[in-house]
1. Can you pull out the residues in the range A:636-673 that are in contact with a strand residue (DSSP E or B) (Cβ under 8 Å, 6 or more places away or on another chain), open to solvent by 10 Å² or more (accessible area, probe 1.4 Å) and either among the basic types (K, R) or not in a strand (DSSP E or B) (or both)?
2. Does A:I116 satisfy the condition of being within 23 Å of A:K331 (Cα to Cα) and assigned to a strand (DSSP E or B)?
3. Could you say which residue among B:S135, B:S130, B:S115 is within 12 Å of chain C (Cβ to nearest Cβ), out of contact with any Gly (no Cβ under 9 Å at 6 or more places or on another chain) and not charged (D, E, K, R)?
4. Looking at the range A:497-510, which of its residues are open to solvent by less than 20 Å² (accessible area, probe 1.4 Å) and part of a helix (DSSP H, G or I)?
5. Could you grab me the full set of residues in the range A:99-134 that are open to solvent by 30 Å² or more (accessible area, probe 1.4 Å), over 26 Å from A:Q703 (Cα atoms) and among the small types (G, A, S)?
6. Anything in the range C:60-79 that is in a loop (DSSP other than H, G, I, E, B) and touching a strand residue (DSSP E or B) at 6+ places or on another chain (Cβ under 8 Å)? List them, or say none.
7. For the range B:61-84, give me each residue that is part of a loop (DSSP other than H, G, I, E, B) and within 12 Å of chain A (Cβ to nearest Cβ).
8. Residues in the range B:1-16 that are more than 9 Å from every other protein chain (Cβ to nearest Cβ) and either open to solvent by less than 20 Å² (accessible area, probe 1.4 Å) or not in a strand (DSSP E or B) (or both): how many?
Amino acid sequence: MTELKVVGKRVERVDVRAKVTGGALYAADVQLAGMLYGKIVRCYDYAHARVTSLDLSEAAKCKGVIKVLGPKDVTQKEYNASVLDMMVSADMRGVLGDIDDQSIFTDHVKHYGDAIAAVIAISEEAAERAAEKIKVTYEELPVYMTAEAAKQADALQFRPEKPGNLAFQLPEMAFPDNAYAWGEVDKSFDEADIIVEDTFYVPKQKQCQMEPGSYIALYDDQERLNCWTSTQMPKLVQKKLANLFELPMTRVRINATVIGGGFGARLGMVLEPETCALAMAVPGRPVKVLSTREEDWVTSPSRHPGKYWMKMGFKKDGTPVACDAKFENYKGAYYVDASGTAFTTGAWLGGMYKFDSLRYRGESYYTNQSICGAFRGYGNPQTNFVMEQMIDRGCAELGVDPIEWRKKWHKGVGDDGWCIGVPYNSCALDECLDRAAEAANWTEKREKYKNQTGTKRRGIGVAVMNHTSGAMPMLLEHTVCDALLHQDATVTLNLACSDMGQGSHTTLRQVAAETLDFAYEDIHIATGNTDAAGFDIGAHASRTLYVGGGAVKQACEDVRRQLFERAALELEEDVDNLYMEDKIIHVKGSSNKSISVQTIADQGVNNFMNPETGELIGQPGQIQGYASFFPPHNAPPFGTTIAEVEVDMETGEVKVLELVNAHDVGRAIHPGVVEGQLDGGAQQGLGMALTEETYYDDKGICQNNSFTDYKMFGPSDMPKMTNILVENPDPTGPFGAKGVGEAGLVPPVGATANAIFNAIGIQILEAPITPEKILKALEDAND
Amino acid sequence: MKKHAITLTVNGEERDLVVPSNRTLLDALREDLGYTDTKYGCGTGECGACTVLVDGTTSINGCLTLAATMDGASITTAAGLAQDGNLHPVQQAFIDNDAIQCGYCTPGMVLKVVSLLDENPTPTENEIRSGLEGSICRCTGYTKIVEAVQDASNRMAGVGE
Amino acid sequence: MTSRVMRDFDLLLPESVPEVLELLADHKDNCAILSGGTDLLVALKFDYAVDNVVSLALVPGLDDLSFDPDQGLSIGAKVTIADIVKSQDVKTYYPALWQAAKVFATPQLRNTATVLGNIMRASPAGDCSLALYALGGDLQLKNASGVRDVSLDDFWLSYGVTARQSDELAISLRVPPPTAGQKSAFQRMTRTTEDLSKINAAVSLTMADGVCQSARVAMGCVGPTLIRLPKVEAMLGGAEITEDLLGEVSDMVAAEITPIDDIRSSADYRRKVAGILVRRVINLALTEGNNQ
């Protein structure tokens, strides 16, 4: 490959000037003439109840109220807010069964915060005050907060078609014995010299994106439904809303506003259905719905909590012979994407180590918790917490170094990836481990931290992970990109990929510039308008650079091909005999035969006849590149984290001293963007390991849906961070790039748990690992 | 409910408005005056997305301030930091150090840093981290924000110029 | 659950203390006093309803923070936590208060929240209140008929309830002058650095020739109000503070507290670490708590 000019450079991000001056418009910042405000009335008294009466009359009389809507005043159609069903084949949809189990407003409350009714008023204040006047009475129903409770024989059934409240298990059709498996697990355990086994709990973590859910909808005078939303997935939300309101896609437009963080919370629909239903009730008037932080917490999806059992067998020489696991997640009140995490949690497990045999079962149970869905990592952090602690327990019993063991037994090129049958095509995990170990002084510190006796004890731990770039072949992967060459030889890319702040519009622009051999400044990315943009799945599964970048690259190659074809005609030369430099196409070996891109572009648009010859001057037709791109693979990123902690043996408090992250990123298109993903991911991974969990009382009332009561790592809590970017270009990625959006979150989870294990010699089986749990474990160990 | 006629000087421009008693400074800025660069993140003073400066240097939470108590105050929002089209050194440092991702915390964060550096022009890393508490960023893990503050501190002291 | 828009109330903006007192007398319990407002506004966004809010914003003469070696420290009603952090006198003579103020909430909240507001809130977790409890002090409560002094020892009656009458305004707090050999410290435990305390402790010890002459030991988050630990204070008073004594003190603490389970921690955990925290805060006072 020739030297890269734009790829790999720390160019100024496309969006930061607007953000730093406050000019970036998030959904809540959009003001439209004649705006009305919607307030959704939610049930905060019960987590499970039937509405026995609903009296809207007092609210309707309030000053400033335009309309009050109950369940019967909006579409009765049920829907599934997730978009996973749109990413699988019709056959697979059939296997999932009826998963449309949500309604705009409900008379059967299934979780704290379920929506009952709404008010539309001339101001936010009027809507809020009127909403307080809506009178609802309830009949309390039994509450099921865990899988264990929900699957009891006498438990009330959430959906008759999902008996046992089992929303999903791996389907027999694709997974014999309902397991994701290879080899003969039971037999393999017979060959094991050492067996480790335990049941863990993984917590309900919240994305806590800084922008709470904010939406505007307008059913306009062309009878088109417009929705302003910071969704991660404009094109799928467009189709979902078209289905829900029975409109053709041409009559639904998503205006994708700047996204104030996503991390999975905006994957699929959140409050778009409610907001659009309100707008449909007042045609011609825009309706704005703004969530409080607490409301956003319980209406957008969280990470799946649940019980995670795992058993591993090893031979004395360290050979991993068998792994058996089961994850029962507490899905929440609605199906959402019950099939997704239940599968992927096992996929990441299967993708990591060379066990002779492995069997994983994943089950999603309806519970009276607020919904779970996508959260950065999508099952991987849960697996990392459990799998990596089990590996370290095995290593401790085997008496081997956890890094040496991992280097020997992790999967690599040619091995089945996270999806059986799709082998890994690149892997630089060994280099990641070597460089991280060196940077963290692993060997020296492991030795030093043996046999400590003081009040403050240190530990150092490691974890590794595999992830993915896009969800191929499990889910549809497809992005469409247009690249329009303007007459001044600049290019506008038109595509629906969203940038949640991770920098994808910047890196896509770099890919375009590099492909075209144009300047970074010559490219503009137009997004945010589903009227104009072709299909795109949306921002999830660490796919935007890998798949979106593939589409951008292909569209730009198409532009380049057309430029060269036209140059060949103009210069009367063979295409193969041309080259481009500084946007001028030259004939090889001929110093005076050339034509500029500018000339070709201009002649394509402003094409005239030569009045003397009657012939066209140059080639007519504006050049437009196009790609409808399906990636050939999923370019798995690998990574490791080494964490160092200090545990206070008297109080159980943990201080994280340092994290060293080394990631196989394929190629860092923009190193600052990659580092930012690793830094930010680590903050969330540390939170999951140590402080973050949404919890409920025994009635199902959420206890900490606020920043006052739910604590994330702040600036003073974050440790020293060292990021090592290992660049081992993937053969299928744009310029070798892999997705890094999620990877950074994953290994800090297991590494932190293992560092605590190293410090105190005890494994804590429930995350987050709070001081309370550590102190209790220390006491139990002394008893 | 009582209404109050007040005058706020926002980013150097004097603005007269009438606010009801319960109007927060945040809503007055966003809804009445159009300064949507000041964000709602939690409404309870935890996240700092609504941070504005009073008299150019003191950072406060707009969500926990009643507009009517601010009559005569001079308020700076992120939109008012740049002078004559030139970004404030703190803003430039945030850009140059990749300290911005989703950007929702950014207006409040840069104002907070302006305040921090006014009080302590050469903070240690620990002082920076303590000073950033109360401005939650969920994207960056704070690493690059800390680097941006150090960079801004150097720029404002003229180091390397 | 908060509202995005607070419920109706009338904001009253008196311009002098007598005007404030008049309004308080008029509205009695249907009235809240707004100083920093960082707790009050949050409460108003939740379910607290009141028809009148009396702001001190325009009232002059309440922002005095002054120190005199003979008179002690005087903290006016509008003195903010940030004012405390900036005060060299507080840092020098009242280390416990300075340490509490330094970690109190966030910079923005410190710029707004007031010391007296923290006391009036009567939270069992209040950091600055706790430090002041250990240091001791008298509140000046004023109404239309005069001023009375109430010791902090008698001020917090139960959760959120104080000895302030509804027509009274807390004008200032007077903290006694530092005594020779006085050492004080504050320490807390939180889930993350920025958080409300899940347990906190403050001590003020008067030391002479290595012997503790008297001690005030206060704890938060272990009862419905901030509490003092009289048995622990008695053990320390007149004793040489040795590691053995601190071990006994530490064991005694659990007997003096009545913690509960809440969102930030469990009663069990608080009971386990309370003694350790007291031992540590005493050690902190002895090593870094000098008042000169």
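The values are calculated or read from the model by the stated rules, or taken from the named source; none is laboratory data. Everything numeric here is computed off the predicted structure, so don't read it as measured data. So basically every Cβ, Gly included, is an ideal-geometry build from the backbone, and we count neighbours across all protein chains shown. To get the accessible areas, we keep the full protein, side chains included, count just its heavy atoms, and leave off ligands, DNA and RNA. Shrake-Rupley method; radii C 1.70, N 1.55, O 1.52, S 1.80 Å.
1. Answer for the range A:636-673, where residues must be in contact with a strand residue (DSSP E or B) (Cβ under 8 Å, 6 or more places away or on another chain), open to solvent by 10 Å² or more (accessible area, probe 1.4 Å) and either among the basic types (K, R) or not in a strand (DSSP E or B) (or both): A:M649, A:E653, A:K655, A:P671.
2. Values: within 23 Å of A:K331 (Cα to Cα): yes; assigned to a strand (DSSP E or B): yes.
The answer is yes for A:I116.
3. Working: B:S135 fails: out of contact with any Gly (no Cβ under 9 Å at 6 or more places or on another chain); B:S115 fails: out of contact with any Gly (no Cβ under 9 Å at 6 or more places or on another chain).
Answer to the selection: B:S130.
4. Correct list: A:S504, A:T506, A:T507, A:L508, A:Q510.
5. Once the filter is applied, which keeps residues that are open to solvent by 30 Å² or more (accessible area, probe 1.4 Å), over 26 Å from A:Q703 (Cα atoms) and among the small types (G, A, S), the range A:99-134 yields only A:S123.
6. Result: C:G61, C:L62, C:D63, C:D64, C:Q71, C:A77, C:K78, C:V79.
7. Matches in the range B:61-84: B:T77, B:L81, B:A82.
8. Final tally of qualifying residues: 5.
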